[in-house]
Amino acid sequence: MGPDSCLRNDAQLERNDAHVQNGKIWKGHCSFGAISESLCAAPSRLFCLSVCPKVEGSDPFFCLSGSGGILPAAMALLLRQLSAAGGRRFSAGLAAASTRGVQTVALPDLPYDYAELEPVVSAEIMELHHAKHHQAYVNNYNVALEKYEAAEKKKDTHAMIALHGALRFNGGGHVNHCQFWENLAPEKKGGGELPQGPLADAIATQFGSLDELIKKVNAAGAAVQGSGWVWLGVNKDTGKLLVDTTPNQDPLVVKGAGLVSILGIDVWEHAYYLQYKNVRPDYLKHIWKVVNWRDVTRRYEQAMKARVAATK
């Protein structure tokens, strides 16, 4: 197979994807292409993750291609890719598990105490959010992953497809929250300090000022219907910053393989309701007091370095 080839199985949802051959990623017809070579699994398993659109619609989803055909629900590989940019605590949230080789995830420790984000976010909210909600995503993802592994061994494609939603939702919940915790910091530890350097320059160039960026993010976050996330990201293809939203627990990368989230704000009600009630705009207004711009800057610089490396 050459670079123009693409594994296809018309009996399995008629989706195209990229595949791996001899350690390289060959991009097929998938409009978003493969995410990165770091997603390649063990040499004994010939598949790689990419983000593909549905045939009948525009909503992208995660899928694997390999010698066994196209398999949905590849969040485990997404976690490996994002862990490289997610910091020490995120990496610690990946747990090598079981003799069966399933890579489950674990709840990461927070880089601060539950009460340290007060008065912006109460200790009660932080404890519930981290110890209950995030823990639930971890538990449910691991259960779904183990079921998926069992179905894969049985070559039960229908069961594997049925588990895709649980893996995407709970895996995304874990990915997003791992970043969210690191995107925040107590004021005494640098939370709310203004961004500096290339990121500050990029913000000024694209949005006019940090205040204008904050207005744009807050407006987008307030407009999310139901539950979801609002993001400040980088398009690695253009090098430009962007503001976008995703529903439920979808990471920003589901909207395109070249999109890298550098700041994510959770706008699910469990993130603020006990303190701000139904006034989401107030929560969005105050959360900037504890944004960890050092972490956001680190992610921005990492994304830009990856962009430069990709052009060489």
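Bear in mind that the values in this text are calculations on the coordinates, not laboratory data. Source: prediction; values computed, not measured. Here Cβ is always computed from backbone atoms with ideal geometry, including for glycine, and neighbour counts include all displayed protein chains.
Worth a mention:
- Distance (nanometres) between label positions extended 7 Å along Cα→Cβ at D237 and D113: 4.8
- With a Förster radius of 30 Å applied to the beta-carbon distance between A150 and N248, the computed FRET efficiency rounds to 0.70.
- Plainly put, the stretch 202-291 has a radius of gyration that is 0.97 times its Kirkwood radius, both from alpha-carbon atoms, as the Rg/Rh ratio.
- With only the Cα atoms considered, the stretch 191-251 has a convex hull volume of 101 Å³ per residue.
- Residue order, fewest to most surrounding Cβ atoms within 10 angstrom, among R299, R307, R280: R307, R280, R299
- Protection proxy ranking, peptides 225-231, 266-272, average beta carbon neighbours within 10 Å, highest first: 266-272, 225-231
- Inter-centroid distance (Cα atoms) of the stretch 275-303 relative to the stretch 221-260, Å: 14
- Length gained when the stretch A136-Q206 is fully extended (0.36 nm per residue, less Cα-Cα span): 21.4 nm
- Cα shape, the stretch 110-261, gyration tensor, a/c 1.5 rule: oblate
- When the listed pairs K240/K289; K255/K305; K188/K236; K285/K312; K153/K305; K153/K312 are checked against a 29 Å cut-off, the alpha-carbon distance exceeds it for K188/K236; K285/K312; K153/K305; K153/K312.
- FRET efficiency, 1/(1 + (r/R0)^6) with R0 22 Å, evaluated for H270 and K215 via beta carbons: 0.30
- Binned Cα-Cα distance frequencies in the stretch 115-176 - 5 Å width, integer %: 4, 19, 20, 16, 13, 9, 7, 5, 4, 2, 0
- Take the Cα of A222, step 7 Å toward its Cβ, do the same at N278, and the gap between the two points is 1.6 nm.
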